[in-house]
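Here's the structure we're looking at; comments come further down.
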Amino acid sequence: MSKKYIDLLGNKLDKENFNKIKALDNPYIVDFVGEYIELCNPRSVFVRTGSLEDARYIREKALALGEEMKLDIEGHTVHFDGYFDQARDKNNTKYLVPADSKGTYYLNSIDRDKGINEVRNNLKDIMADKEMLICFFSLGPVESPFSILAVQITDSFYVAHSEDILYRPGYEQFKKTKVGKDFFKFIHSAGVLEDKVSKNIDKRKVYIDLNTNLVYSINTQYAGNTVGLKKLALRLAIKKAYSEGWLAEHMFLMGVTDKNNEKAYFCGAYPSMCGKTSTAMISGESIVGDDIAYLKVIDGQVRAVNVERGIFGIIKDVNPEDDSILFNALSNKGEVIFSNILADENKVPFWIGKSKKTPLRGVNFFGPWFPGKTDHQGQEIPPSHKNARYTIGLESLENVDPNLEDHRGVVVKGLVYGGRDSDTSVPVEQAFSWQQGIITKAASLESETTAATLGQEGVRVFNPMSNMDFLSIPLGEYVKMNIEFGRKLKEAPAVFSVNYFLRNKEGRFLNSIQDKHIWLKWMRLRVDKQLKALVTPTGLIPKYSDLKVLFKEVLNKDYLCQDYVEQFTLRIPENLAKIERIENIYKGLEDTPLYLFEELSAQKKRLKDCQQSYGSYVSPDKYKEE
């Protein structure tokens, strides 16, 4: 063991917890935990291994300390974040960048030395009256070529409990692999608590040090800011993937079957509140993961794993009609953490969209609640926050894929990119090629903002690959990284775009919530070339005759030709305007590859040629079959 902190660990840890650290036989871990035990000065330290006893201790302490509260169903608890701590804090999430580094426009950064000094000053003695938890996890299945080991230090039992549900235990793998210093590190403190929530939100900071694979998070409880292995680890993983030639993506991973029950796997990237989890959860198909995937080329094929083993999902509008599998899992016995919902007088959870009947009173993220209650500014408080969440293990779902824990990953046949787009993109479309798909669909992805992040809603935001918030390398390099990944393959996965939010001129949505299943089934048949498609200037779209059959077979629904025409009419002015927006963004970057502009220019020419022949709004009956 490292000598520097041996005496400190011996004094701060009891014999049992000291031996847990000693058994790892890793001086880098000793130095890491020793440094932050010395800095944070906790009252006591608990080391979480992979044992059931350790998991039970964390669950029970979360309840005993009031970080969680029991609900009516066995195993269900609720956690409340502070009123102003309800989403990822983009403004105060910063990269620690050395002074001599070349910056890029999208990096929210701070001078590394200044940032480290600032955050360490905040961490000084921050746990003096608390217990420090040291937890070991694996990102991805254990003993896998995909897995990355991680250590989380926190003083929040809610954070540790959440990670127990979401991630595989990594303690035993640390012992087996002798990983050295190649692991991800996270240090979190909720800071001073007032009424069980972080008091000093004005001092909330999430700082990311790519040089040491270390993330600091202080004065916050919301899981998007504190559960280090989620989006914070994604930032570290993107940098690691870039240097090693694989992809770390903000993607679901699911299996979709054809008529013969033959399964193909798809990855899908959607910004928050754009239908990502609900797509991965569709009844009749199987879910491997809903949020983050690692993709590698193995034996000439793209294989992927779910980084997680659980879901931290938005609960708004989860109901028995539209999300029956998830709703059933959230309504039965088992380990579930609800956050920022309403707990009624009988401790039954209620959230927006659960049902039409709202409880008359209860407790929520603001405290005691009743209809019409207002906050300090006179704004009416909803019963449940729009970004209220649930945390549940995937094994609780009846449609969990049997290959969830396959250390080899699953073979990926298609990538799907979907945003919240009211006026431009058709409901589903296949790219002509890997490069055209990555550039015109993935790298050009836009989405209208939602309540999942702080700031104004309804603003169109550029969000390439749904990964903009988490990029830790220059955007141009990230685009090249994706393009080069596909070029390694004789046959790359097909690339698709979807849009569940297209509206007509009167503002009416053109698709129902269930229609996404049809788009998935069409994509499933396309990856095996079981269906033909129509060739448009922007990609390949379904034939009406094929969709009519699918709607009847899958949803038992009659699909009208007039609906098809309205949904799949090409909106050329809107598409041209989008290309101009995307070109202007990439022109401002030094690292943008020339072929990105060539691909966008080629699409612009096809659109203008089509406009000259058929007008600005082109019905799908004008196109030829491929």
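The values are calculated or read from the model by the stated rules, or taken from the named source; none is laboratory data. Bear in mind that the values here come from a model prediction, so they are computed numbers and not experimental data. Methodologically, a virtual Cβ is constructed for each residue, glycine included, from the backbone with ideal geometry; neighbour enumeration extends over all protein chains shown. Quick note on the areas: whole protein, heavy atoms, side chains included, nothing else; ligands and nucleic acids left out. Shrake-Rupley method; radii C 1.70, N 1.55, O 1.52, S 1.80 Å.
Here are the numbers:
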{"item": "Elements of type strands (runs of 3 or more DSSP E) contained in segment 148-242, each with 1 or more residues being more than 13 Å from F136 (Cα to Cα)", "result": "184-189, 205-209, 214-218"}
{"item": "In segment 601-626, the residues that are in contact (Cβ under 8 Å) with a residue 24 or more places away in the chain, open to solvent by 40 Å² or more (accessible area, probe 1.4 Å) and aromatic (F, W, Y)", "result": "Y617"}
{"item": "Total residues in segment 362-379, condition surrounded by 10 or more Cβ atoms within 10 Å (Cβ to Cβ) and in a loop (DSSP other than H, G, I, E, B)", "result": "6"}
{"item": "Lone qualifier among K490, K548, K516 - being part of a loop (DSSP other than H, G, I, E, B) and either at pLDDT 95 or above or open to solvent by 20 Å² or more (accessible area, probe 1.4 Å) (or both)", "result": "K490"}
{"item": "Residue within segment 555-570 that is closer than 20 Å to L445 by Cβ, surrounded by fewer than 22 Cβ atoms within 10 Å (Cβ to Cβ) and modelled with pLDDT of 95 or more present", "result": "yes"}
{"item": "Residues of segment 460-487 classified as assigned to a strand (DSSP E or B) and either open to solvent by less than 10 Å² (accessible area, probe 1.4 Å) or out of contact with any strand residue (DSSP E or B) (no Cβ under 8 Å at 6 or more places or on another chain) (or both), total", "result": "0"}
{"item": "Pairs, first within 11 Å of Q435 (Cβ to Cβ) in segment 583-600, second assigned to a helix (DSSP H, G or I) and of a type in the set (S, T, N, Q), C-beta under 8 Å, six or more apart", "result": "Y595/Q435; E599/Q435; E599/Q436; E599/T440"}
{"item": "Segment 212-250, subset polar (S, T, N, Q) and in contact (Cβ under 8 Å) with a residue 60 or more places away in the chain, residue surrounded by the fewest Cβ atoms within 10 Å (Cβ to Cβ)", "result": "N219"}
{"item": "Index of the failed condition, G289 passing every other in (1) in contact with a strand residue (DSSP E or B) (Cβ under 9 Å, 6 or more places away or on another chain); (2) farther than 19 Å from V411 by Cα", "result": "(2)"}
{"item": "Condition broken by A329, with the remaining ones in (1) among the aliphatic types (A, V, I, L, M); (2) outside any strand (DSSP E or B); (3) touching a Lys or Arg at 6+ places or on another chain (Cβ under 8 Å) satisfied", "result": "(3)"}
{"item": "Criterion violated by D54 - all others in (1) under 30 Å from P474 (Cβ atoms); (2) without any contact (Cβ under 8 Å) to a residue 12 or more places away in the chain; (3) open to solvent by less than 30 Å² (accessible area, probe 1.4 Å); (4) not aromatic (F, W, Y) satisfied", "result": "(1)"}
{"item": "Of the criteria (1) modelled with pLDDT under 95; (2) within 23 Å of T212 (Cα to Cα), which one N41 fails", "result": "(1)"}
{"item": "Residue satisfying condition, being open to solvent by 10 Å² or more (accessible area, probe 1.4 Å), without any contact (Cβ under 8 Å) to a residue 40 or more places away in the chain and either touching an Asp or Glu at 6+ places or on another chain (Cβ under 9 Å) or assigned to a strand (DSSP E or B) (or both), within set P382, P359", "result": "P359"}
{"item": "Selected residue [at pLDDT 95 or above, surrounded by fewer than 18 Cβ atoms within 10 Å (Cβ to Cβ) and closer than 30 Å to K333 by Cα] from K70, K15", "result": "K70"}
{"item": "Filtered residues of segment 411-441 (kept if modelled with pLDDT of 95 or more, surrounded by fewer than 24 Cβ atoms within 10 Å (Cβ to Cβ) and under 22 Å from the mean Cα position of the chain (by Cα))", "result": "V411, V412, K413, G414"}
{"item": "Any hit, segment 520-531, residues being under 30 Å from R88 (Cβ atoms), open to solvent by less than 30 Å² (accessible area, probe 1.4 Å) and in a loop (DSSP other than H, G, I, E, B)", "result": "no"}
{"item": "Residues of segment 569-583 satisfying the condition of being in a helix (DSSP H, G or I) and of a type in the set (A, V, I, L, M)", "result": "I572, L576, A577, I579, I582"}
{"item": "Identity of the residue in segment 251-288, aromatic (F, W, Y) and part of a strand (DSSP E or B), that ends up most open to solvent (accessible area, probe 1.4 Å)", "result": "Y265"}
{"item": "Contacts under 8 angstrom Cβ, first residue in segment 111-125 being more than 11 Å from L96 (Cα to Cα), partner assigned to a helix (DSSP H, G or I), 6 or more apart", "result": "R120/L39; N122/K203; L123/Y36; L123/L39; L123/C40; K124/L39; K124/C40; D125/C40"}
{"item": "Residue that is surrounded by 14 or more Cβ atoms within 10 Å (Cβ to Cβ), of a type outside the set (K, R) and farther than 27 Å from P542 by Cβ, where the choices are E583, E574, E590", "result": "E583"}
{"item": "Those residues of segment 354-397 which are in contact with a Ser or Thr (Cβ under 9 Å, 6 or more places away or on another chain) and closer than 30 Å to A304 by Cβ, in sequence order", "result": "N387, A388, R389, Y390, T391"}
{"item": "Residue within segment 91-105 that is under 30 Å from H376 (Cβ atoms) and either among the hydroxyl-bearing types (S, T, Y) or surrounded by fewer than 16 Cβ atoms within 10 Å (Cβ to Cβ) (or both) present", "result": "yes"}
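Matching residues to (1) in a loop (DSSP other than H, G, I, E, B); (2) aliphatic (A, V, I, L, M); (3) closer than 20 Å to D423 by Cβ:
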position: I585; (1), (2), (3): no, yes, yes
position: L589; (1), (2), (3): yes, yes, no
position: T592; (1), (2), (3): yes, no, no
position: E598; (1), (2), (3): no, no, no
position: S601; (1), (2), (3): no, no, no
position: Q611; (1), (2), (3): no, no, yes
